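**Q** Mind looking over this structure? Questions follow.
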Amino acid sequence: MGKRIIQQRRGRGSLTYQVRTGAYRFKIGYPVKLVGEGKVLRLINSRGHTAPLAKIKYREGMFYIPAFKGMIEGQTIKFEQGEIKDGNILRLKNIPIKTKVYNVESRPGDGGKYIRTSGNYAEVSKVSDKEVFVMMPSKKEKGLNSECRAIIGVIAGAGRLDKPILKAGKMHYIKKSKNRLWPRTSAVKMNVVDHPFGSGRGKRIKSKIAKRNAPAGARVGLIRPRRTGKKK
């Protein structure tokens, strides 16, 4: 008798596939109303995030953001107004072209959704009447509302991927801290009873597209793809 495939196990919602609440106990983002200035109280090493976090105190409370390169405890950062300086939180319409930013909002007031991993940044590329275009790390331009906010600078923690992971034990603890399933077995290396892509035969299958009404055990591969075929 075969075993349940990963999609079925994940859908069951057991502890193996649930995110540990302790790993993400710090919620990243800025408050909706943010004026004046704030002070960096503490730099935090969060196991659930790739970049160090900064605890910011302002007039009405506290919030957490990814730290920028060169941030120090006790530093003052300004909101909404101020010069183009690392750490200041400004609206995209007030940021000059070619400025490096991170933790960019997708909609005004959502607290920041884009560019939050270590060493990353985006650049303000061009400005139109209603939108500001930002060059993302993928080298693709994205048009955003000019009222969206962003932090000036580059996220700390660059070089995290430069050193190779030489031992399986190190990767084990990295994945364990975020409760990620590891190691993952390739589907084509399984037995035929354990996965639709299993067995030694037919590894060069004609199609990885599952039927629309396929059951959970067969709904694997490309699910309702927008396009098929080789990109030209």
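Every read-out reported here was derived from the displayed coordinates using simple, explicitly stated rules and does not represent laboratory data. As the structure is a prediction and not an experimental result, all values here were calculated from the model. Methodologically, a virtual Cβ is constructed for each residue, glycine included, from the backbone with ideal geometry; neighbour enumeration extends over all protein chains shown.
**Q** In straight Cα distance, which aspartates and glutamates are under 17 Å from residue 208, not counting same-chain residues fewer than 8 positions off?
**A** By straight Cα distance, residue 208 reaches 194.
**Q** Could you tell me the convex hull volume per residue, in Å³, taken over the Cα atoms of the stretch 136-232?
**A** 256
**Q** Right, next: Using only the Cα atoms of the stretch 21-152, what do you get for the radius of gyration and for Dmax, in Å?
**A** Computed over the Cα atoms of the stretch 21-152, radius of gyration and Dmax are 14.0, 43 Å.
**Q** In terms of Cα to Cα distance under 17 Å, which aspartates and glutamates are near enough to residue 33, apart from those fewer than 8 places away along the same chain?
**A** 60, 80, 105, 110, 147
**Q** Considering the Cα trace of the stretch 96-162, what is its radius of gyration and what is Dmax, both in angstroms?
**A** Expressed in Å, the Cα Rg and Dmax of the stretch 96-162 come to 11.6, 41.
**Q** How large is the dipole of the chain about the Cα centre if only Lys and Arg carry +1 and Asp and Glu carry -1, each at its Cβ, rounded to the nearest 20 debye?
**A** 1900
**Q** Cut-off 10 angstrom, C-alpha nodes, Gaussian network model of the chain. Which of 58, 173, 30 fluctuates the most?
**A** Comparing 58, 173, 30 in a Gaussian network model of the chain, the most mobile one is 173.
**Q** Next question, about the same structure. Could you go through the stretch 150-163 in sequence order and give the Karplus-derived ³J(HN,Hα) for each residue, using 6.51 cos²θ - 1.76 cosθ + 1.60 with θ = phi - 60°, rounded to whole Hz, and x for Gly and Pro?
**A** 8, 9, 6, x, 10, 5, 5, x, 5, x, 4, 9, 5, 7
**Q** Might you report the magnitude of the Cβ-based charge dipole of the stretch 1-100 about its Cα centre, with Lys and Arg at +1 and Asp and Glu at -1, to the nearest 20 debye?
**A** Computed charge dipole of the stretch 1-100: roughly 660 debye.
**Q** Using a Gaussian network model of the chain whose springs link C-alpha atoms within less than 10 Å, name the residue from 23, 216, 156 with the highest mean-square fluctuation.
**A** Maximum fluctuation in the GNM of the chain, among the listed residues, is at 216.
**Q** Quick one: of 130/230; 142/230; 69/163; 142/231; 69/142, which pairs are farther than 27 Å apart, Cα to Cα? Display every interim value, and only then the final one.
**A** Details: 130/230 36 Å; 142/230 25 Å; 69/163 19 Å; 142/231 22 Å; 69/142 24 Å.
Checking Cα-Cα distances, 130/230 exceed 27 Å.
**Q** How much FRET efficiency would the formula 1/(1 + (r/R0)^6) give for residue 15 and residue 165, where r is the Cβ-Cβ distance and R0 is 22 Å, rounded to 0.05?
**A** 0.30
**Q** Using a simple spin-label model with points 7 Å from Cα along the Cα→Cβ vector, what separation in nm is obtained for residue 139 and residue 208?
**A** In this crude label model, residue 139 to residue 208 measures out at 2.3 nm.
**Q** With a ≥ b ≥ c the root eigenvalues of the C-alpha gyration tensor of the stretch 1-63, is it rounded (a/c under 1.5), prolate (a/b larger than b/c) or oblate?
**A** Prolate shape, in that a/c is at least 1.5 and a/b is the bigger ratio.
**Q** What value, in deg cm²/dmol to 500, does the helix sum -39500 (n - 2.57) over DSSP H runs of n ≥ 4 give at 222 nm once divided by the residues of the chain?
**A** -2000 deg cm²/dmol
**Q** For the chain, find the longest principal axis of its Cα atoms and tell me its angle to the long axis of helix 168-177, 0 to 90°, nearest 10.
**A** 60
**Q** Considering only 179, 103, 53, whose Cα is most displaced toward the positive end of the charge dipole of the chain, charges sitting on Cβ of Lys, Arg (+1) and Asp, Glu (-1)?
**A** About the Cα centre, the residue reaching furthest to the positive side is 179.
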